[in-house]
Amino acid sequence: MSEQPVFYYDVSSPYAYLAACRVDDVLPARPEWRPIAFGVIVQATGKVPWSFKEDRDENFNEIATRAAERGLPPVKYPHGWPVETYSLTPLRAAMLAADQEQLRALSHRLFKAMFVDGRHLADTDAVLDAAEQAGMDREEVRHGVGRAEVKDQLRRQTEDAQAEGVTGVPTVAVDGQLFWGDDRLEAAAAALSAT
């Protein structure tokens, strides 16, 4: 019997946003959603993300096209994205979700805040608004994101993903195979169906 697939993502990634909108429908088994700090992986690997490069228009166009084809609202990027808008706070808030359903709800709200509403997730109020909309207690989240055990949980989750070979988001893990990219969900689904 195959293990439950894992969906690795960071809410700062527009490709992860696109994948999050459909991963539960594309995969034949419901994945575990597992947020990780992509910024930490970037620093550890020395990788230069496409969003830091000069010639990124092709990626912006590809994201806009995919969003339109899927009936999603036009993708907006907050001023200063990605460097000025990157924050661990939304990921730490995700560590406070009571279960996978609340984690999904919070993650969708965070993605919407950033890529539909164009809000900075480095803005704590944007994160707290998303948490509240996902049914979480605003004040508990405000205090929880600063707790050492919450920071440690995110660190461990990110380190575990790195140890598994995850170098980018979104990535779906299926029985030790990694499928990196919004355009690889169908391949992940095929691998899952074959197990």
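The values are calculated or read from the model by the stated rules, or taken from the named source; none is laboratory data. Since this is a predicted model, take the numbers as computed values, not measurements. Because the Cβ atoms are built from the backbone with ideal geometry, glycine has one as well, and the counts that use them run over all protein chains shown.
Summary of values
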| item | result |
| --- | --- |
| Verdict on Leu103 being closer than 17 Å to Val40 by Cα and of a type outside the set (D, E, K, R) | no |
| All positions within the range 101-137 that are within 12 Å of the chain's Cα centre (by Cα) and either free of Cβ contacts under 8 Å to residues at least 40 places away in the same chain or assigned to a loop (DSSP other than H, G, I, E, B) (or both) | Leu106, Arg109, Lys112 |
| Check on Ser107, crowded, with 19+ Cβ neighbours inside 10 Å, within 23 Å of Pro5 (Cβ to Cβ), among the small types (Gly, Ala, Ser) and at pLDDT 95 or above | yes |
| For Ala194: the one exception among (1) surrounded by fewer than 18 Cβ atoms within 10 Å (Cβ to Cβ); (2) in contact (Cβ under 8 Å) with a residue 12 or more places away in the chain; (3) closer than 22 Å to Val23 by Cα | (2) |
| The range 75-132: number of residues that are charged (D, E, K, R) and at positive phi | 0 |
| Ala98 vs. criteria farther than 20 Å from Asp125 by Cβ, under 19 Å from the mean Cα position of the chain (by Cα), among the small types (Gly, Ala, Ser) and part of a helix (DSSP H, G or I) | no |
| Any hit, the range 66-83, residues being under 15 Å from Ala19 (Cα atoms), without any contact (Cβ under 8 Å) to a residue 24 or more places away in the chain and in a helix (DSSP H, G or I) | yes |
| The range 1-44 - residue that is of a type in the set (Asp, Glu) and part of a loop (DSSP other than H, G, I, E, B) and, of those, farthest from the chain's Cα centre (by Cα) | Glu3 |
| Pair list, Cβ under 8 Å, 6 or more apart: the range 14-43 residue free of Cβ contacts under 8 Å to residues at least 12 places away in the same chain and within 24 Å of Val83 (Cα to Cα), other residue surrounded by fewer than 18 Cβ atoms within 10 Å (Cβ to Cβ) and not hydrophobic (A, V, I, L, M, F, W, C) | Val42/Pro49 |
| Subset of the range 8-18 (residues that are crowded, with 23+ Cβ neighbours inside 10 Å and in contact with an Asp or Glu (Cβ under 7 Å, 6 or more places away or on another chain)) | Ala16, Leu18 |
| Boolean, Thr85 is buried (at least 19 other Cβ atoms within 10 Å of the Cβ) and of a type in the set (Ser, Thr, Tyr) | yes |
| Scope the range 163-182; condition in a loop (DSSP other than H, G, I, E, B) and surrounded by fewer than 17 Cβ atoms within 10 Å (Cβ to Cβ); matching residues | Gly165, Thr167, Asp175, Gly176 |
| Residue list for the range 30-61, filter: among the aromatic types (Phe, Trp, Tyr) and closer than 21 Å to Gln157 by Cβ | Trp33, Phe38 |
